[in-house]
């Protein structure tokens, strides 16, 4: 395994896993005022594109990482829409 | 240009650009209570790994996208630390 593979795997794991504490924080506090609707809308669509990209190339690490990220991003987006007091 | 290239480019653009509205929202409102410190800590380190990965492979689209994302993530992380009232 090359150095680039190791550092890429660490990067993919951290960027994917990072949405777990955000989803948990939002679920626990229900405080969504500081969360940008624009960010999670664009991010969710963007990650969905990455998921399709992974499928098209049959690159399963890309599919798995983006499936997990998409699930977490959609959960945060749903909470943003549900807990938002206008 | 293949379909996978187009969808990958859209995905990269959206996931990178999505941090602009979050950085702007946080800068404007200074409301960082809903933002997870754990997320932005892990995410910033993860994106830095992706940046190194891009350099190691001389993949400049990866370098450019992650340089922009790293700048935005660091700005949000800095605001989280600065505006946080314990």
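The values are calculated or read from the model by the stated rules, or taken from the named source; none is laboratory data. Here the structure is a predicted model, which means the values were calculated and not measured. Glycine gets a Cβ as well: all are built from the backbone with ideal geometry, and neighbour counts include every protein chain shown.
Scanning the range B:45-53 for residues that are under 17 Å from the mean Cα position of the chain (by Cα) and either exposed (fewer than 15 other Cβ atoms within 10 Å of the Cβ) or within 22 Å of residue A:80 (Cα to Cα) (or both) turns up nothing.
Of all residues in the range B:67-86, those that are more than 19 Å from residue A:73 (Cα to Cα) and assigned to a helix (DSSP H, G or I) total 11.
Please verify whether residue A:38 is more than 23 Å from residue B:35 (Cβ to Cβ) and at the interface with chain B (Cβ under 8 Å from one of its Cβ atoms), treating the condition exactly as stated. Before you say what the answer is, go through the steps one by one.
Working: more than 23 Å from residue B:35 (Cβ to Cβ): no; at the interface with chain B (Cβ under 8 Å from one of its Cβ atoms): yes.
So residue A:38 does not fit the description; no.
Please work out which one of (1) at the interface with chain A (Cβ under 7 Å from one of its Cβ atoms); (2) farther than 16 Å from residue A:73 by Cβ; (3) touching a helix residue (DSSP H, G or I) at 6+ places or on another chain (Cβ under 6 Å); (4) modelled with pLDDT of 95 or more is the condition residue B:29 fails and give its number. Tallying (1) at the interface with chain A (Cβ under 7 Å from one of its Cβ atoms); (2) farther than 16 Å from residue A:73 by Cβ; (3) touching a helix residue (DSSP H, G or I) at 6+ places or on another chain (Cβ under 6 Å); (4) modelled with pLDDT of 95 or more, residue B:29 fails exactly one: (3).
Taking the options B:81, B:72, name whichever one is more than 9 Å from chain A (Cβ to nearest Cβ) and either within 9 Å of the chain's Cα centre (by Cα) or surrounded by 18 or more Cβ atoms within 10 Å (Cβ to Cβ) (or both). Even if it seems obvious, please write down each step before you answer.
Values: B:81 fails: either within 9 Å of the chain's Cα centre (by Cα) or surrounded by 18 or more Cβ atoms within 10 Å (Cβ to Cβ) (or both).
Going through B:81, B:72 in turn, the sole match is B:72.
Here is the figure for the range A:24-43: residues that are within 16 Å of the chain's Cα centre (by Cα), touching a residue at least 24 places away in the same chain (Cβ under 8 Å), over 9 Å from residue B:18 (Cα atoms) and surrounded by 17 or more Cβ atoms within 10 Å (Cβ to Cβ) total 2. For the range A:43-65, the condition holds for no residue, the condition being that it is within 8 Å of another protein chain (Cβ to nearest Cβ), outside any helix (DSSP H, G or I) and under 20 Å from residue B:26 (Cα atoms). Tell me yes or no: at least one residue of the range B:3-24 is more than 7 Å from chain A (Cβ to nearest Cβ), assigned to a loop (DSSP other than H, G, I, E, B), within 16 Å of residue B:77 (Cβ to Cβ) and touching a helix residue (DSSP H, G or I) at 6+ places or on another chain (Cβ under 6 Å). Taking every residue of the range B:3-24 in turn, none turns out to be more than 7 Å from chain A (Cβ to nearest Cβ), assigned to a loop (DSSP other than H, G, I, E, B), within 16 Å of residue B:77 (Cβ to Cβ) and touching a helix residue (DSSP H, G or I) at 6+ places or on another chain (Cβ under 6 Å).
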